[in-house]
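Asks: Take a look at this one; I'll ask things after.
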Amino acid sequence: MSRRDMAKPLLGHRSTEGDPGITPAAGRTIGVLGSGDFARSLAIRLVCSGFKVVVGSRNPKRKANLFPSAAEVTFQAEAVKKTDVIFVAVFREHYSTLCDLADVLVGKILVDVSNNTEINHHKESNAEYLASLFPACTVVKGFNVVSAWTLQSGARDGNKQVLICSNNQEAKRTVAEIAQVMGFTPVDMGCMSSACEIENIPLRLLPAWKIPIFLALGLFLCFFTYNLIRQVIHPYIRENKNKLYKIPIEVVNTTLPCVSYVMLSLVYLPGVLAACSQLYYGTKYRRFPDWLDQWLLHRKQIGLLSFFCAALHAVYSLCLPMRRSHRYLLIETAVKQAVEKKMNIWVEEEVWRMEIYISVGIIALGLLSLLAITSLPSIANSLNWREFSFVQSTLGFIALVISTLHTLTYGWSRAFDENQYKFYLPPTYTLTLLVPCTVIIAKVIFSLPCIQHRLMRIRRGWEKGRYVKFVLPSATGEYSSGETSSNV
């Protein structure tokens, strides 16, 4: 069984009334061994949730003022004797200091909340190590993915899930009830062998963002190099002009929309490839390749990075007129026009092009903002599936189309100007149109009734080449059976 299959809610809304074998979680006495930041936050949260808390410390008199007045702070041995559920809030290297309490810990439930400083720092997990030191106790791994800040501020301000694992189902259920009363959602991660994976979770740095970030950086470097060649190196070689001043603002501002536009198209390209696969094989039950499966899982992060680049592009564009170089160029242009005695420099086509270009860009950025906002869990949870699908799928595709119009109005007729092909390299925006236009054309084809109907049938369970049984009446009135293919 995979770890993804094991991650399931541990408890439903189960009532404990009338069951003498179940002790109500709220009101029971909970022990906490340790006096660090996490132990104090844990004690505060337990007290606020209606539990009686007994804190075990080696120096209770000195540590008493750090805990809420409702919590009893005493020696470790005394705290252990007063409760059956004990949170071990000490570091792994200090577990051995608890060995003197082995006799009074017999039969107790120990909740290990510790984490390591590095992923897979030890061969065995902290919870397994604690269980080996106290074989007469039942060890449960839990609460290590919850921060001290979340414990103090309440579950509504942080991650509500508490991952729990243990070899004892009854102990897991007890800890899960405590977590529920505290306002968290317990998630069963299986037996104690899952403790190592649970302890690695807080140490991972943006695990779902690594591939999208590397993708965005790769696209940025490619487009940045391409624009650098066209805007800086070309004029230096061909005209002996120093345009290095363009690198910090202008070259970056030309690169950002390219990255944003391509990243937005990459959000919807895997859906197109998945639909092509389902149409080709005639079934939805065939697994996608691993690369496509991972691509589909990272669409949210890719979309958010697309919005981030688009927002930066908008800010950079607003700052363009503020540059000293831009002011010098305006003055130089005005002087040239005065020398040449040009009184009317109004170009109707260019005016309309810029008006449409900016207007369409603002609309595209607004739609991207809406997509980014609805990706937040707090907003997404308030939407039903149809609303979420409409925003992310329909409005997202509209945002891609409008972004394409934004790019086309930027290029206008310059794509046919041979002066734009520096070093025989086409303008950057023509390269960015390849993937988005492919996605748009594919989406239009899939919207055709004949293809859309077939795709919907496949996604409802229809399979090409599957045979089904049928029964027909014979001429004598009796029924005879046969088979036919479901794709007839």
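Asks: Please list ARG327, ARG287 from largest to smallest accessible area, probe radius 1.4 Å, with all protein chains kept in place.
Replies: Ranked from most to least accessible, the order is ARG287, ARG327.
Asks: Taking the Cα-to-Cβ direction at GLN420 and at HIS326 and moving 7 Å from each Cα, how far apart do the two end points lie in nm?
Replies: So the two model labels end up 2.2 nm from each other.
Asks: Quick one: order MET354, MET182 from most to least accessible surface, probe 1.4 Å. Don't jump to the answer; show the numbers that get you there.
Replies: Details: MET354 70, MET182 0 Å².
The ranking, largest first, comes out as MET354, MET182.
Asks: OK, next. How large is the accessible surface per residue of segment 239-284, computed with a 1.4 Å probe and reported in Å² as a whole number?
Replies: 39
Asks: Additional query: Please turn the phi angles of segment 184-190 into ³J(HN,Hα) values with the Karplus equation 6.51 cos²θ - 1.76 cosθ + 1.60 (θ = phi - 60°), one per residue in order, whole Hz, x for glycine and proline.
Replies: 9, 10, x, 10, 7, 9, x
Asks: Where does each of SER325, SER359 land when they are ordered by accessible area, with a 1.4 Å probe and the largest first?
Replies: Descending accessible area places them as SER359, SER325.
Asks: When DSSP beta bridges are limited to those with both residues in the chain, what percentage is antiparallel, rounded to the nearest 5? List each step's numbers first, then the result.
Replies: Numbers: 11 of 36 bridges.
Among the beta bridges of the chain, antiparallel pairing accounts for roughly 30 percent.
Asks: Give the aspartates and glutamates reachable from LYS341 as a straight Cα distance under 18 Å; neighbours fewer than 8 places away on the same chain don't count.
Replies: The reachable aspartates and glutamates, counting only those whose Cα sits under 18 Å from LYS341, are GLU332.
Asks: Which value, in Å² rounded to 10, gives the accessible area of VAL444 with a 1.4 Å probe and all protein chains present?
Replies: Near enough 80 Å² of accessible area.
Asks: Counting only residues 5 or more places away or on other chains, whose amide H sits under 5 Å from the amide H of VAL53 once H atoms are built in the peptide plane?
Replies: Here ILE30, GLU72 satisfy the definition.
Asks: Please identify every one of the chymotrypsin sites (Phe, Trp or Tyr not before Pro) in segment 281-311 that sits in a loop by DSSP and has no more than 11 other beta carbons within 10 Å of its own beta carbon.
Replies: TYR285
Asks: Sticking with this one: Would you tally the net charge around GLU349, using a Cβ to Cβ cut-off of less than 13 Å, leaving GLU349 out, and scoring K and R as +1, D and E as -1?
Replies: -1
Asks: Continuing with this model, one more query. Out of residues 5 or more away from THR185 or on other chains, whose amide H comes under 5 Å of its own, with H placed 1.01 Å from N in the peptide plane?
Replies: The list, which skips near neighbours in sequence, is GLN161, VAL162.
Asks: Hey, another quick one. Would you work out what percent of the accessible area of the chain, with all protein chains in place, is carbon or sulfur (probe 1.4 Å)?
Replies: Looking at the chain in its full context, I get 60 percent from C and S.
Asks: What chymotrypsin sites (Phe, Trp or Tyr not before Pro) does segment 328-378 have in DSSP loop regions with at most 11 other beta carbons within 10 Å? Please list the in-between numbers first.
Replies: Numbers: sites: TYR328, TRP346, TRP352, TYR357; in loops: TRP346.
Of the chymotrypsin sites (Phe, Trp or Tyr not before Pro), the ones in loops of segment 328-378 whose Cβ has at most 11 other Cβ atoms within 10 Å are TRP346.
Asks: Could you tell me what fraction of 2.2 N^0.38 Å the Cα radius of gyration of segment 29-203 comes to, as a two-decimal ratio?
Replies: Normalised Rg, Cα atoms only: 0.94.
Asks: Read phi for every residue in segment 322-331 and hand back ³J(HN,Hα) as whole Hz from Karplus 6.51 cos²θ - 1.76 cosθ + 1.60, θ = phi - 60°, with x for Gly and Pro.
Replies: 7, 6, 5, 4, 5, 5, 4, 5, 5, 5
Asks: Can you list the lysines whose alpha carbon is less than 23 Å from that of LYS246, not counting same-chain residues fewer than 8 positions off?
Replies: Hits, sequence-local ones excluded: LYS336, LYS422.
Asks: Here's a follow-up. Computed from these coordinates, which is Cα extents along the principal axes in Å: [x] 102, 65, 63; [y] 98, 93, 38; [z] 57, 53, 48?
Replies: Computing Cα extents along the principal axes in Å and matching it to [x] 102, 65, 63; [y] 98, 93, 38; [z] 57, 53, 48 gives [y].
Asks: Another question, if that's okay. Please list, ordered by chain and number, the residues whose modelled amide H lies under 5 Å from the amide H of VAL140; skip anything fewer than 5 residues away on the same chain.
Replies: The list, which skips near neighbours in sequence, is LEU110, VAL111, ASP112.
Asks: Test of understanding: what is the full-extension gain from ILE358 to CYS191, defined as 0.36 nm times their sequence separation minus their Cα-Cα distance?
Replies: 54.4 nm
Asks: Can you pull out the GluC sites (Glu not before Pro) in segment 98-185 whose DSSP state is coil and whose Cβ has at most 15 other Cβ atoms within 10 Å?
Replies: Filter output for segment 98-185: GLU118, GLU124.
Asks: Once phi is turned into θ = phi - 60°, what whole-Hz ³J(HN,Hα) does the Karplus curve with 6.51, -1.76 and 1.60 give for every residue of segment 393-398, x standing for Gly and Pro?
Replies: After applying 6.51 cos²θ - 1.76 cosθ + 1.60, I find 9, 5, 5, x, 5, 4 Hz.
Asks: Need one number: % antiparallel among DSSP beta bridges in segment 29-203, to the nearest 5.
Replies: 5
Asks: State the answer as a single residue: which of VAL339, GLY34, ALA64 lies farthest towards the positive end of the charge dipole of the chain, with beta carbon charges of +1 for Lys and Arg and -1 for Asp and Glu, about the Cα centre.
Replies: VAL339
The values are calculated or read from the model by the stated rules, or taken from the named source; none is laboratory data. No experiment lies behind these values; they were computed from the predicted model shown. For neighbour counting, all protein chains shown are included, and Cβ atoms are generated from backbone atoms with ideal geometry for every residue, glycine included. For accessibility, only protein heavy atoms count, side chains too; no ligands or nucleic acids. Shrake-Rupley method; radii C 1.70, N 1.55, O 1.52, S 1.80 Å.
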